[in-house]
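The values are calculated or read from the model by the stated rules, or taken from the named source; none is laboratory data. Quick caveat, the model's predicted, so the values are computed rather than measured. Positions of Cβ are backbone-derived with ideal geometry, glycine not excepted, and every protein chain shown enters the neighbour counts. Quick note on the areas: whole protein, heavy atoms, side chains included, nothing else; ligands and nucleic acids left out. Shrake-Rupley method; radii C 1.70, N 1.55, O 1.52, S 1.80 Å.
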Number of protein chains: 2
Amino acid sequence: MENVRELFHTMTKRLGLLDRNCCTVGGMELSLVQSHILYEIDRMNEPSMQQVADAIAMDITTFSRQIQTLMKMNLVKKTPYPQDRRVYILSLTPEGKYVTAKIDAEVNEYLAEVFSHMSEFERETVLRSIRLLNECMAKSTVCCKPLF
Amino acid sequence: MENVRELFHTMTKRLGLLDRNCCTVGGMELSLVQSHILYEIDRMNEPSMQQVADAIAMDITTFSRQIQTLMKMNLVKKTPYPQDRRVYILSLTPEGKYVTAKIDAEVNEYLAEVFSHMSEFERETVLRSIRLLNECMAKSTVCCKPLF
DNA sequence: CTCCTTTATTTGCAATATGCAAATATTTAT
DNA sequence: ATAAATATTTGCATATTGCAAATAAAGGAG
């Protein structure tokens, strides 16, 4: 299996840097954590606090405070959920949507640049490989917990 | 390019969880950051503080304090460098080597389990893909800075 | 040799993030 | 009606972060 861990370590390190570089939108500076929260809220369907915290594998109390910050920044909205009044539904404000879309565009642009160094065939292979890897990690019983 | 970012996001999230699960050795609990510092020191050849901090893309002042902590935990040793007395060379103590090897073994075991859900051919393809991806990220001019 | 600039590392400090325990509010089960 | 479970927030103590400044040593210009 040679240096498998090193391969993965290098990859995640670089992808992490890429992510970090995409946390500035206009004048606004987001932390990596905040960027991930916005990403998950955008992706999930009317999620509750708990659901998003679970998805990010973040302690709910820390998460609660991050949401307070994001609300002060006018990026996130909390709506009481009528069917269960303990629950709040999270959503992005228009500004939050704008910021999230901007980050998404920038990440994709960076990724496109990375892929521009490959042939069409290589690109397809790499993407298929990552898809397969994700499936196998989902199947894995031993690692990558907590699952989402 | 479909959902390329989502693919990468899922992968890094899961690999991050895998990494986090590997931070407990015996009774000792390491943070993810500390685990990465040990990993880099182990890998680099007689590195200075600054070199490791750069490799991890971490602010040198934060790094300096993390090293202080790791020294208190008796995992890391700082040796003055005779040729340039501003510099300290970092190395792992025997205990640090043990912990680092233990983490490495656990990560590799987890990765092996993930790859056990693939055929030999798929595994080779995935590893080759990641190698290629790393090369392309290294070539990239626009992202993944600061480089290492 | 002396002065100035650069580099490596550490400390002061203030802001932020973290997570456990406990509080609160609400729902579900008995 | 009461008890147990769930969702969210707050108290608190600790840890992490990064900028600015301090310290120490090296290298270069004259």
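Residues of segment A:5-36 that lose at least 50 Å² of accessible area (1.4 Å probe, protein heavy atoms only) when the other protein chains are present, relative to their chain alone, are A:Arg5, A:Leu7, A:Phe8, A:His9, A:Met11, A:Lys13, A:Arg14, A:Leu15, A:Leu17. Taking the Cα atoms only, what angle lies between the long axis of helix A:94-115 and the longest principal axis of chain A, rounded to 10 degrees? Helix A:94-115 and the main axis of chain A meet at about 0 degrees. Derived value for segment B:3-50: Kirkwood hydrodynamic radius 12.6 Å. Basis is the mean of 1/r over every pair of different alpha-carbon atoms.
Rg ratio for the protein assembly as shown: its Cα radius of gyration over 2.2 N^0.38 Å, N being its residue count, equals 1.07.
Heavy atoms of the protein chains alone define the surface here; on that basis segment B:19-139 has 54 Å² accessible area per residue at 1.4 Å probe size.
Using the Cβ-Cβ distance between A:Glu135 and B:Asn21 with R0 set to 22 Å, the FRET efficiency from 1/(1 + (r/R0)^6) comes to roughly 0.70.
The rotation axis taking chain B to chain A passes closest to this chain B residue's Cβ, listed with the gap in Å: B:Ser129, 2. Distances from A:Ala101 to itself in the other copies, using label points 7 Å out along the Cα-Cβ axis, amount to 5.5 nm in increasing order. Computed about its Cα centre, the charge dipole of segment A:1-57 is approximately 220 debye, with only Lys, Arg, Asp and Glu carrying charge at their Cβ. Sorted from closest to farthest, the other copies place their A:Ser116 label points 4.3 nm away, with each point set 7 Å from Cα along Cα→Cβ.
By the gyration tensor of its Cα atoms, with a ≥ b ≥ c the square roots of the eigenvalues, what is the shape of segment B:65-148: rounded for a/c under 1.5, prolate for a/b over b/c, or oblate? It comes out oblate by the Cα gyration axes. Close Lys pairs in segment A:70-148, defined as Cα atoms under 23 Å apart and 8 or more places apart or on different chains, number 6. Taking 4.7 Å between C-beta atoms as the pairing limit, the protein assembly as shown has these partnerless cysteines: A:Cys22, A:Cys23, A:Cys136, B:Cys22, B:Cys23, B:Cys136. Mean projection of the Cα convex hull over all viewing directions, computed for chain A: 11.1 nm². Given B:Ile103, B:Gln83, B:His117, which one lies farthest toward the positive end of the charge dipole of segment B:60-132, if we put +1 on the Cβ of every Lys and Arg and -1 on the Cβ of every Asp and Glu? After comparing all options, I get B:Gln83.
Once A binds B, the 1.4 Å probe can no longer reach about 6300 Å² of accessible area, counting both sides.
A simple spin-label model places the labels of B:Thr61 and B:Asp84 2.2 nm from each other, with each point 7 Å out along Cα-to-Cβ. Heavy-atom surface analysis with a 1.4 Å probe gives the protein assembly as shown a carbon and sulfur content of 52 percent of its accessible area. For chain B, the longest principal axis of the C-alpha atoms and the axis of helix B:32-43 are separated by about 80°. For A:Ala138, the point set 7 Å out from Cα toward Cβ sits 3.2 nm from its twins in the other copies, listed from shortest up.
Once the Cα atoms are used to define both axes, helix B:60-72 deviates from the longest principal axis of chain B by about 70 degrees.
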